[in-house]
Amino acid sequence: MTGHIPIPPGSDFPLENLPYGVFDPGDGPRLGVAVGNHVLDLQAAARAGLLPYPTELAVDTLNPFLALGRGAWAETRTALMALLTSERFDHLPPGAVRPRPGVQMLLPFAPGDFVDFYASFDHAANLGRLFRPGSDPVLPNWRHLPVAYHGRSSSVVVSGTSVRRPRGLLGPEVAAAPTRALDFELEVGFITGPGNRLGDSIPADAAADHIFGMVLVNDWSARDIQRFEYVPLGPFLGKSFATTVSPWVVTLEALRPYLVPGPKQDPEPADYLRTRGDWGLDLSLEAVLRIATGAERVVTRVNYSTLYWTMAQQLAHVTVNGTNVRPGDLYASGTVSGAEPGSRGSLIEMTRNGDEPITFDDGSQRAFLEDGDTVILRGWSERPGLPRIGFGECVGTVLSAFG
C-alpha cells in the first residue's frame, strides 16, 4: 500500500500499521499516528474535518479515544487510510505532518491500573530451576490460571525516560541500600478500551471488544530487594520504582494478520479461560544492552507466541471476580522467555542469578545492570507477503541512586 508520505524500506510504521501516540512538536502535546519517519497530527486533521471524533482526538492522551470502542476505532482507521492515500491529503493544514525525529514523545495513555502477568512457562521454569532445584520448577497453580500481581501505575514512564537506581532493604544483612541486582524484563503489554461494570466479567471470547492495542514493556526489577520482600504477598518495592513502555500503541487490528493459535494447555483450562479463534501472536522480540563503556550486544531474541497464557485469557482472569477495568489500563505479559540460551528475557535468567556474566567485545562483563547502562527493546511482526508491523523501540538508561 502506498500513500502521500514516503515509507522507507523496512520501516516499522507502514500504512498498514498506523500506531497511535502522544507527541509534542514544541507547542504542546497532542495525539499523532506514526507513518514511516513522520507523524500525522490527529488534532489538526480532525479540526480540518478530515477525521471523525474531533473532541476525542483533540486531547493529550488516548484515554477518551480508547473509551469510544471498537466501532469508532475501525471508523477512524478507515478514515486515516483514506486521508493518507487520496486527494484528501492535500487539505491537511500546514504542519500537520512532521518528521518524527523532531518531536518529543510522551506517555500515550494514562494508566489507571497496571497489572503484570507471569505468562511465560519458560520464564517460570527457568526461575524455578534457579531457586527451587530438585523440585517441580513450576508451581502447581501456574498451569491453572494466569498468575499476576498489581503494579504501580504512577511509575509507568515512556521510552527515553531515565530510570534511577532504586533503594530498599536488602537481605540477608537487612540493610537499606541501592540495589546491587538491577535487572530488566522483556515484556509486551496490552491496553484496554471500554471496560466492564463493577460486578460483571469480560468473557475471553469478548476480549477483542476491549483490547485496543499493544506496547513493548520493560518491567525494571531490583532482584535483591524483591528477594527479601516478596514472601508472602509478592513483589512490591523491587518492582514499583519504574516500568517503561514504548511510545507507539500498535493496534490489535494492525496485528490481526499475525495472530496464531495459542499453545496447547494441559490441563484444560477452566471454562472462563477457554477461547475460540487465534489469540497467540507471531511477534519477534529482542533486547539490546548498551553498557556505559559504549559496547553493546543483542542479549536475547525470542517470540511472543511462546507465551502459555494469551491476552484474552489474561483479561478474562482479571475480571472473573467482577473487578472492573477502564480505558487506558495496562496489562503486561511478564517476561517473555524461551527454553534455549539466547532466548531468555531477563538478566537473572541469562546470567543464572549473576553466576555467569555476559561478556562484551571490549571485555566488559555484566551480571546485572550498572549505572549508565541502556536497555533497548524492539518488537516486530513480519512474514513473506505481509507488511512489517513494528513497535519501534522501548529505551531506558540507568542513573545512579540518590544519596
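Quick look at the values:
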read-out: Paired Rg and Dmax values of the stretch 20-106, which use every Cα atom, in angstrom; value: 12.0, 33
read-out: Net charge contributed by nearby residues that have their C-beta within less than 11 Å of SER333 (K/R +1, D/E -1); value: -4
read-out: Net charge over other residues, Cβ less than 13 angstrom from the Cβ of GLY238 (K, R count +1; D, E count -1); value: +1
read-out: Listed peptides 352-365, 70-83, 300-313 by packing density, highest first (mean Cβ within 10 Å); value: 300-313, 70-83, 352-365
read-out: Spin-label zone in the stretch 276-316 - amide nitrogen under 19 Å from a point set 7 Å from the Cα of GLU268 along the C-beta vector; value: 276-279, 309-310, 313
read-out: Residues MET350, MET214, MET105 arranged by fewest to most Cβ contacts within 10 Å; value: MET105, MET350, MET214
read-out: Leading residue at positive end of dipole, the chain (Cβ point charges), from ALA74, THR192, ALA124; value: THR192
read-out: Taking all pairs of distinct alpha-carbon atoms in the stretch 285-398, Kirkwood radius in angstrom; value: 16.3
read-out: Dipole of the stretch 114-399, positive direction: furthest Cα of THR319, GLY280, TYR308, with charges on the beta-carbon; value: THR319
read-out: Charged-residue dipole, Cβ positions (Lys, Arg, Asp, Glu), the stretch 1-86 about Cα centre, Debye nearest 20; value: 200
read-out: In degrees, nearest ten, helix 121-131 long axis to first principal axis of the chain (Cα); value: 30
read-out: Gain in span if fully extended, LEU233 to GLU340, counting 0.36 nm per residue against the direct Cα distance; value: 35.5 nm
read-out: 20 Å cut-off, amide nitrogen to a point 7 angstrom out along VAL59 Cα→Cβ, residues in the stretch 150-170; value: 153-158
read-out: Neighbourhood charge, 15 Å Cβ-Cβ cut-off, centred on GLY168 and excluding it, Lys, Arg +1 and Asp, Glu -1; value: +4
read-out: Test item: Cα-centred dipole of the chain, Lys/Arg +1 and Asp/Glu -1 on Cβ, debye; value: 220
read-out: Debye intensity ratio I(q)/I(0), log10, the chain, q values 0.09, 0.10, 0.14 Å⁻¹ (C-alpha model); value: -0.53, -0.66, -1.28
read-out: Mean separation of Cα contacts under 8 Å (6+ apart) over length of the chain, as relative contact order %; value: 21
read-out: Residue list for the stretch 28-61, given a label point 7 angstrom along the Cα-to-Cβ vector of SER86 and an amide N cut-off under 17 Å; value: 45-53
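The numbers here are math on the coordinates, done by the rules we state, and not lab data. Predicted model only: the values in this text are computed from it and were never measured. Because the Cβ atoms are built from the backbone with ideal geometry, glycine has one as well, and the counts that use them run over all protein chains shown.
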